[in-house]
């Protein structure tokens with residue numbers, strides 16, 4: 001690392017200390033997810049009934065569940081599903097939000113009115129309630145829960161991109177492209193969408209933590225990941241029955257959810273401050 005890089009690193013850590021903490025937390029979670037087969041002490045799906053509900057000890061560092069499965073190993077593997085849920089939800093919602101928002105803002109008229117009324121209807125319901133309804137309609141399944149939450153989050157990105165598009169389409173380079181007869185689809189893809197990405201990135205970085213939390217909530221009530229999948233929300237749900245005597249069962253995956261969501265929120269705040277200096281105050 002060069003002297004310039006060291007100075008920049010020192011400046012960054014001093015200017016955005018909470019963002020650095022968030023990056024460290026997320027890096028650890030990503031490491032757990034990627035290296036799960038290498039660092040997991042036990043198979044997360046192997047049952048040892050003779051060791052059921054064991055407290056934390058030298059063999060099972062975070063204890064075992066009611067089927068004798070190692071909780072630490074299941075938390076490590078559960079990081080994969082949680083990251084997949086967060087990135088998948090934000091990715092799907094962001095892509096469709098960019099497409100519909102740019103079309104709505106650029107075309108205007110009846111298309112804009114129709115899309116905005118549809119988005120208003122979806123936003124009239126609380127996110128979790130609408131996600132519950134969609135997930136129940138699609139069926140209790142981890143991938144269905146991701147799709148349900150993604151659909152619920154699309155209006156957030158549609159309204160964001162539409163607002164940016166209304167401003168961008170009045171700029172001179174867009175007017176010039178229209179004057180020379182460029183197709184609307186070309187203008188949207190080459191001029192509108194690239195200039196809308198910065199606020200979308202900010203919203204996405206702030207939304208991953210919430211997406212993970214909602215996905216865990218759906219798994220908690222049985223509409224997300226199904227047994228024997230190692231998913232944090234489902235582990236908390238199964239462990240709540242034993243909370244008084246075997247506290248480690250539900251507490252450990254709950255702590256994993258808490259720190260992962262906090263990590264993404266801290267990172268999202270830092271990304272927002274860096275890309276939008278007006279938000280620092």
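The values are calculated or read from the model by the stated rules, or taken from the named source; none is laboratory data. Computed from a prediction, not measured in an experiment: that's the story for all the values here. Note that we place each Cβ from the backbone using ideal geometry, even for glycine, and neighbour counts take in every protein chain shown.
The table below lists the values:
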{"read-out": "Residue that is nearest to residue 210 (Cα to Cα), among those in region 160-187 that are within 27 Å of the chain's Cα centre (by Cα) and crowded, with 19+ Cβ neighbours inside 10 Å", "value": "160"}
{"read-out": "Some residue of region 51-62 being touching a residue at least 12 places away in the same chain (Cβ under 8 Å) and in a helix (DSSP H, G or I)", "value": "yes"}
{"read-out": "Lone unmet requirement of (1) touching a helix residue (DSSP H, G or I) at 6+ places or on another chain (Cβ under 7 Å); (2) loosely packed, with under 15 Cβ neighbours inside 10 Å; (3) at pLDDT 95 or above for residue 79", "value": "(2)"}
{"read-out": "Single residue of 102, 127 found to be surrounded by 21 or more Cβ atoms within 10 Å (Cβ to Cβ) and in contact with a helix residue (DSSP H, G or I) (Cβ under 9 Å, 6 or more places away or on another chain)", "value": "102"}
{"read-out": "Residue pairs meeting the criteria (Cβ under 9 Å; at least 6 apart or on separate chains; first on the phi < 0 side of the Ramachandran plot and in contact (Cβ under 8 Å) with a residue 12 or more places away in the chain, in region 123-138; second assigned to a loop (DSSP other than H, G, I, E, B) and surrounded by 14 or more Cβ atoms within 10 Å (Cβ to Cβ))", "value": "131/223; 132/221; 132/223; 135/141; 135/223; 135/224; 136/223"}
{"read-out": "Residue in region 29-37 that is outside any helix (DSSP H, G or I) and surrounded by fewer than 19 Cβ atoms within 10 Å (Cβ to Cβ) present", "value": "yes"}
